[in-house]
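All remarks here apply to the structure that follows.
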Amino acid sequence: MDERAVDDRTRGLEAAHRAAIDFLGSLDERPVWPRASLDEMMSAFGGPLPEEGTDAASVIEEMARRGDPGLVAIPGGRFFGFVIGGTHPAALAADWLVSTWDQNSGSATLTPTTVAMERIAGQWMLDLFGLPESASVGFVTGGQMANFTCLATARNAVLARSGWNLSERGLRLAPAVRFVVGADRHGSIDRAARFLGIGTDELVVIESDDQGRMRPEALEHALDQATGPLIVCLQAGEVHTGAFDDFAALIPIAHEHGAWVHVDGAFGLWAAASPSLRRLTEGMGLADSWATDAHKTLNAPYDCGMAIVRDPADSIAAFRTGGDYLVFTSLDPWDVTPELSRRARGVPAWAAMRSLGRQGIARLIDALHENAIAMASGLASIDRIRILNDVDYTQVMFRLDSDDATRALGEAVLAEGTAALTGAAWRGRAALRCSMSSWATTRDDIDRTVGAIRTLVSG
């Protein structure tokens, strides 16, 4: 390789390291929400493509300087706006190495190191979650793709049970698959269904309680009326309240009616890794598939989701493809996900779990829950604020006495800059939501956030 190219690469990496350290060093005091709009960032990075190139270090320095006002302080301790974890130190460093290695991790034959690390990471997760050790674990981009992957597998499997080979015969004349969902399901379930040809009018929606948990009696009544192939979608961690469906009651009902049961556990599946919170997931292991993320509760960097399927044969039937140029082992990553080519996104998850260990993962999850309790307690002490959910896991939802005041407070918090939280709607009323997801959040971060909100409410 040309020596100048090697030097350019090295200087570029050094510039990236300096910019990364500067950004991380600014997190404690910088405004959490971006200070610049999309239009301003388009202007900062736009203009005609230059005729001549620029050395790598200069490009990186320019990128860091121009982009800084439009960055969110997600890796810091006071980003509560969505269920987004900070990046654990080992996972961050591993992600840099993933880009350096530049392995196409679809095939074990092509990239044995990264595929082995992902396979081990999957085994560790199955152990932590109490799921069957023989299940397949496919690393995908996030919860949306994990739900899609599992539900595509489920559709293929329930049609096969009905005598319909989807791969050969397609969907046009296939038996209608009934998707049964909770009233307070995450929107990614609806999107996944739409990707699979199921519109919202075709969903069978089951009533939920005041925390968003599916009612078992309502599910049983609905399934008594259902015919044909069935898929039932449950959830571990409602995105507003953090509530968990009653798996021990619901899954046997679904299985008695021949349904495939899928659990959307983007952030909630990780409760099973905590001895003190595992009760929330009781009965979850009876399901047929599960979706979760490492870039949420585990604090791996984006992007890293997992699609878990009880029987790998169902995954293979849905996703394995042919091609005389492809080389197969017993179970390749491309056998259990829609992708052929992809980066080794599971390696940072391996690094995070290796660094934390079983006890460290449990402590991380417990700390997120404790932070949620502390945030709820602090907010409840502020006049006019009402907590709307049972803080059983990592979510805190609250409001003021009117929708307008609630929305105004949300805007004021973002403008003030101490913390970031986002608006929501719950039972037809405006609400604000805090998601405790980051390993970096300290009690001081909670106190600073509560103090800033107290000042805004009183002012």
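The values are calculated or read from the model by the stated rules, or taken from the named source; none is laboratory data. These figures come from a predicted structure and were not determined experimentally. When we count neighbours, we look across all protein chains shown, and the Cβ atoms used for this are built from the backbone with ideal geometry, even at glycine.
Residue by residue, here is whether (1) surrounded by 20 or more Cβ atoms within 10 Å (Cβ to Cβ); (2) modelled with pLDDT under 95; (3) under 19 Å from F23 (Cα atoms) holds:
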site	(1), (2), (3)
N104	no, yes, no
T111	no, yes, no
D127	no, no, no
L151	yes, no, no
Hits in the stretch 154-172 - residues which are closer than 17 Å to V232 by Cα and either without any contact (Cβ under 8 Å) to a residue 40 or more places away in the chain or not aliphatic (A, V, I, L, M) (or both): R155, N156, R161, S162
Within the stretch 183-194, considering residues that are of a type outside the set (A, V, I, L, M, F, W, C) and under 20 Å from V158 (Cα atoms), the one surrounded by the most Cβ atoms within 10 Å (Cβ to Cβ): D190
Residue within the stretch 157-177 that is closer than 30 Å to N299 by Cα and either among the aromatic types (F, W, Y) or assigned by TED's automatic domain parsing to the domain that holds N299 (or both) present: no
Pair list, Cβ < 7 Å and 6+ apart or interchain, from the stretch 330-348 residues that are over 17 Å from H295 (Cβ atoms) to residues that are of a type in the set (A, V, I, L, M) and part of a helix (DSSP H, G or I): P333/V115; D335/I316
Enumeration of residues in the stretch 272-310 that are over 14 Å from the mean Cα position of the chain (by Cα) and within 18 Å of W439 (Cβ to Cβ): A273, S274, S276, L277
Among (1) more than 20 Å from A243 (Cα to Cα); (2) under 23 Å from the mean Cα position of the chain (by Cα), the one test that A405 misses: (2)
Which numbered condition A19 fails, given (1) modelled with pLDDT under 95; (2) surrounded by 12 or more Cβ atoms within 10 Å (Cβ to Cβ); (3) not charged (D, E, K, R): (1)
Matching option when the condition is in contact with a strand residue (DSSP E or B) (Cβ under 7 Å, 6 or more places away or on another chain), within 19 Å of T441 (Cβ to Cβ) and of a type in the set (V, I, T), among I387, I373: I387
Residues of the stretch 192-249 classified as of a type in the set (A, V, I, L, M, F, W, C) and over 25 Å from R433 (Cβ atoms), total: 14
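Okay, residues lined up against (1) surrounded by 14 or more Cβ atoms within 10 Å (Cβ to Cβ); (2) in contact (Cβ under 8 Å) with a residue 40 or more places away in the chain:
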| position | (1), (2) |
| --- | --- |
| V180 | yes, yes |
| L196 | yes, yes |
| T200 | no, no |
| P216 | yes, no |
| D224 | no, no |
Residue within the stretch 320-328 that is among the aromatic types (F, W, Y), surrounded by fewer than 18 Cβ atoms within 10 Å (Cβ to Cβ) and touching a helix residue (DSSP H, G or I) at 6+ places or on another chain (Cβ under 8 Å) present: yes
Some residue of the stretch 9-29 being aromatic (F, W, Y) and not in a helix (DSSP H, G or I): no
R78 vs. criteria surrounded by 15 or more Cβ atoms within 10 Å (Cβ to Cβ), in contact (Cβ under 8 Å) with a residue 12 or more places away in the chain and within 30 Å of A431 (Cα to Cα): yes
Residues (surrounded by fewer than 23 Cβ atoms within 10 Å (Cβ to Cβ), among the small types (G, A, S) and assigned to a helix (DSSP H, G or I)) located in the stretch 273-288: G285
Selection from the stretch 18-75 of residues that are under 27 Å from R448 (Cβ atoms) and of a type in the set (S, T, Y): S26, S37
Verdict on L432 being in contact with a strand residue (DSSP E or B) (Cβ under 8 Å, 6 or more places away or on another chain) and modelled with pLDDT of 95 or more: yes
Odd one out for P34, checked against (1) within 30 Å of L421 (Cβ to Cβ); (2) assigned to a helix (DSSP H, G or I): (2)
